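Participant: This structure is in structure tokens; I'll ask about it shortly.
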Amino acid sequence: MKKLIWYLLCLCTYTAQGQNITAAEYFIDIDPGNGNGIALSVGTNGSTVNFVAAVPATSLSTGFHFVAIRTKDADGKWGLFEARGFYISTATNNSVNIAAAEYFIDTDPGNGNGTSLNVGTAGTAVNFVAAVPASSLSAGFHFVAIRTKDADGKWAMFENRGFYISGQTTNVADFVAAEYFFNTDPGVGNGTAVAIPLPISTYTDSLVLPLGSCQWATIVLSSG
């Protein structure tokens with residue numbers, strides 16, 4: 001039987017008081033609306049939960065799909081869903097080993113045309129560290145993407161992450177201020193201030209934002 005195993009590390013609802021997560025659901029490809037997905041057990045309720053979702057895929061057609069999971073808090077409010085793509089193969093034998101990998105930055109050159117990476121020992125699951133040079137990149141936001149190829153020569157979908165290149169040529173100054181805003185950027189310095197220890201070179205904290213409904217928020221750190 002084909003099934004998709006997805007490890008969901010952490011889903012938090014968007015409420016000002018950090019309400020407990022009490023329920024979860026998933027859907028495949030088409031969003032049926034909040035509360036209309038397939039229910040999942042989150043285990044012990046809490047502001048952060050960890051659970052494993054086993055999603056059956058026997059009825060799905062061959063090709064690319066995506067599965068999405070969202071959670072509900074104790075006030076009955078649903079959070080945004082988190083989605084991941086996957087591929088259904090017609091093969092009935094064991095999975096083919098991963099034999100190669102490549103990365104690209106910003107623009108996809110096409111399968112097989114990225115910069116090669118060493119995956120180590122080929123296997124159905126591989127773990128490797130990729131050192132990606134960034135000295136030639138312009139200041140600003142970029143993204144790096146990695147994809148793998150199996151022993152049959154088939155490339156998988158890429159997974160990408162964003163990052164930022166600073167224009168500083170010397171050591172970056174300490175952070176002296178932070179602010180956040182909802183949905184629309186009011187301009188640098190016009191957001192809602194966040195209290196941080198001053199000055200500080202690295203700052204990590206959990207902020208409780210007044211998100212009464214599902215919106216997105218951006219945190220801006222300003223260095224002196």
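Only the coordinates and a few stated rules stand behind these numbers; no lab work does. Just so it is clear, the structure is predicted and the values come from calculations on it, not from any experiment. For neighbour counting, all protein chains shown are included, and Cβ atoms are generated from backbone atoms with ideal geometry for every residue, glycine included.
Participant: Determine the gain in length on full extension of the stretch Y103-A139; use 0.36 nm per residue of separation and subtract their C-alpha separation, reporting nm with one decimal. Please list the in-between numbers first.
Facilitator: Values: separation 36, 0.36 × 36 = 12.96 nm, distance 1.99 nm.
Here the answer is 11.0 nm.
Participant: Let me ask something else about it. So which aspartates and glutamates can K149 reach, going by Cα to Cα under 12 Å and dropping same-chain residues fewer than 8 places off?
Facilitator: List returned: E102.
Participant: Give the aspartates and glutamates reachable from K72 as a straight Cα distance under 15 Å; neighbours fewer than 8 places away on the same chain don't count.
Facilitator: Reachable aspartates and glutamates: E25, E82.
Participant: Then there is this: Calculated FRET efficiency, I88 and N127, Cβ-Cβ r, R0 25 Å, to nearest 0.05?
Facilitator: Details: r = 25 Å, r/R0 = 0.98.
The formula returns an efficiency of 0.55 here.
Participant: When the scattering of the range 98-165 is computed by the Debye formula from its Cα atoms alone, each counted once and equally, what is log10 I(q)/I(0) at q = 0.17, 0.24, 0.27 Å⁻¹?
Facilitator: For the requested q values the scattering log ratios are -0.61, -1.07, -1.27.
Participant: If Lys and Arg each add +1 and Asp and Glu each add -1, what is the summed charge of the other residues whose beta carbon sits under 12 Å from the beta carbon of N20? It would help to have the intermediate numbers written out before the result.
Facilitator: Values: positive: K72, K77; negative: D73, D75.
Result for the local shell: 0.
Participant: Along the three principal axes, how long is the range 62-121 when you take its alpha carbons, biggest first, rounded to the nearest angstrom?
Facilitator: 49, 35, 23
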